1. Of the residues Glu207, Glu135, Glu156, Glu180, only one is more than 28 Å from Leu122 (Cβ to Cβ) and within 27 Å of the chain's Cα centre (by Cα); which?
2. Any idea which of (1) open to solvent by 80 Å² or more (accessible area, probe 1.4 Å); (2) at pLDDT below 70 is the one Asp19 doesn't satisfy?
3. For segment 198-207, enumerate the residues that are open to solvent by less than 60 Å² (accessible area, probe 1.4 Å) and out of contact with any helix residue (DSSP H, G or I) (no Cβ under 7 Å at 6 or more places or on another chain).
4. Six or more apart or on different chains, Cβ under 8 Å: which pairs go from a residue in segment 63-86 that's free of Cβ contacts under 8 Å to residues at least 60 places away in the same chain and in a loop (DSSP other than H, G, I, E, B) to one that's open to solvent by 40 Å² or more (accessible area, probe 1.4 Å) and of a type outside the set (Val, Ile, Thr)? Could you list them?
5. Please verify whether Asp255 is open to solvent by less than 10 Å² (accessible area, probe 1.4 Å), in contact with a strand residue (DSSP E or B) (Cβ under 8 Å, 6 or more places away or on another chain) and of a type in the set (Asp, Glu), treating the condition exactly as stated.
6. If the requirement is being closer than 22 Å to Ser177 by Cα, modelled with pLDDT of 95 or more and in contact with a helix residue (DSSP H, G or I) (Cβ under 7 Å, 6 or more places away or on another chain), which of these qualifies: Val195, Val245?
7. Does Gly160 fit the bill of being over 18 Å from Val96 (Cβ atoms), open to solvent by 20 Å² or more (accessible area, probe 1.4 Å) and in contact (Cβ under 8 Å) with a residue 12 or more places away in the chain?
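The values are calculated or read from the model by the stated rules, or taken from the named source; none is laboratory data. Fair warning: this is a prediction, and the values are worked out from it, not measured in the lab. When we count neighbours, we look across all protein chains shown, and the Cβ atoms used for this are built from the backbone with ideal geometry, even at glycine. With ligands, DNA and RNA removed, areas are computed over all heavy atoms of the protein, side chains included. Shrake-Rupley method; radii C 1.70, N 1.55, O 1.52, S 1.80 Å.
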Amino acid sequence: MSISTASKALNNTGRMGDDTRERVKRFAAEIGFRPNALAKGLLSNRTFTIGLLTNDTYGRFTLPVMAGITEALVDHGVSVFLCTIEDDPALGKVHVDAMLDKHVDGIIASGKRIDRRLPVDLSDLPVPVVYAFTEGAPDSVTFCADDFQGAALAVEWLKGLGRHRIAHVTGPESFVSVRERARAYRELAGDTLPVMYGSWSEAWGHEAVGQLWSTAGAKPDGIFCGNDQIARAVVDALRERSVRVPEDVSVVGFDNWEIVAAQTRPPLTTVDMNLKALGREAGLTVLALAEGRTVEPGIRTLPCELVVRQSCGGDPDL
């Protein structure tokens, strides 16, 4: 067959029978033929690469985001490479310059919290930039989880289990996500108990239970925690006081950090921010921008979901 027919078959373009296209691809695989990506990029004025820039060096949030990005782009022949910049502006500039030197088709910026920008200027770059789980520049496209909706899921679940005295033990009030989760808690649980702000640590979870159980009066029968580390410590601290989970107190966390939630005893019911889905949306959006399609700027919030395990009891199908 002609060179043009073979080319169309390998690139999934043109009109031909499925059998012909499959024969070309099968023979190409047999002889080990691989298209020249550099030549393909020169013809299309694209490199089919996306840069992912983050200061989340631990990877707690960025790794699931990256998994979603990769999953969304692999079928489009686009590769993703990750650059971590910690909180170093100079290192950030080095990585951005390297991405531009490699002529990436776009950049996705991701971080550790939704209300802080990365320590590097990403405005006015010659390639599209999309933000995921970090604060974006004005007129950019930014993806984040719906903290209010996720917290509402947790509190509504506890109330549905018949828990009426629900405490909220969470992280620093300076975080927007903390304030949004606390706002949902107050709207649904009332103000019988004050929101307990602290650090994102297991030590704070232990301390919070100590404060709650040293105070005179009725004790909580449900505790909604701002993250899974706090929740695991809350469960441990309750056990140390011979308080049964979930029989006496139901506990719900936030993040669905598998390594923590699944190893808690009992396993932890928690809110999943769907970071992988967030990454998929960010990946498809930066691809659309790289291909010249119009995308309206703004903040896109994606819904969370509740992952029910044994720490709060109840039937996940209710």
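1. Numbers: Glu207 fails: within 27 Å of the chain's Cα centre (by Cα); Glu135 fails: more than 28 Å from Leu122 (Cβ to Cβ); Glu180 fails: more than 28 Å from Leu122 (Cβ to Cβ).
Going through Glu207, Glu135, Glu156, Glu180 in turn, just one is more than 28 Å from Leu122 (Cβ to Cβ) and within 27 Å of the chain's Cα centre (by Cα): Glu156.
2. (2)
3. Of all residues in segment 198-207, those open to solvent by less than 60 Å² (accessible area, probe 1.4 Å) come to 198-199, 201-202, 204-205.
Scanning segment 198-207 gives a single hit, Ser199.
4. Final answer for the pair search is Ile85/Leu91; Ile85/His95.
5. Numbers: open to solvent by less than 10 Å² (accessible area, probe 1.4 Å): no; in contact with a strand residue (DSSP E or B) (Cβ under 8 Å, 6 or more places away or on another chain): yes; of a type in the set (Asp, Glu): yes.
It is false that Asp255 is open to solvent by less than 10 Å² (accessible area, probe 1.4 Å), in contact with a strand residue (DSSP E or B) (Cβ under 8 Å, 6 or more places away or on another chain) and of a type in the set (Asp, Glu).
6. Numbers: Val245 fails: closer than 22 Å to Ser177 by Cα.
That would be Val195, the only listed residue that is closer than 22 Å to Ser177 by Cα, modelled with pLDDT of 95 or more and in contact with a helix residue (DSSP H, G or I) (Cβ under 7 Å, 6 or more places away or on another chain).
7. Details: over 18 Å from Val96 (Cβ atoms): yes; open to solvent by 20 Å² or more (accessible area, probe 1.4 Å): yes; in contact (Cβ under 8 Å) with a residue 12 or more places away in the chain: yes.
Answer is yes for this residue.
Residue-by-condition table, conditions (1) of a type outside the set (Asp, Glu); (2) at pLDDT 95 or above; (3) buried (at least 22 other Cβ atoms within 10 Å of the Cβ); (4) under 15 Å from Pro64 (Cβ atoms):
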{"residue": "Val235", "(1), (2), (3), (4)": "yes, yes, yes, no"}
{"residue": "Ile259", "(1), (2), (3), (4)": "yes, no, no, yes"}
{"residue": "Met273", "(1), (2), (3), (4)": "yes, yes, yes, yes"}
{"residue": "Lys276", "(1), (2), (3), (4)": "yes, yes, no, yes"}
{"residue": "Pro316", "(1), (2), (3), (4)": "yes, no, no, no"}
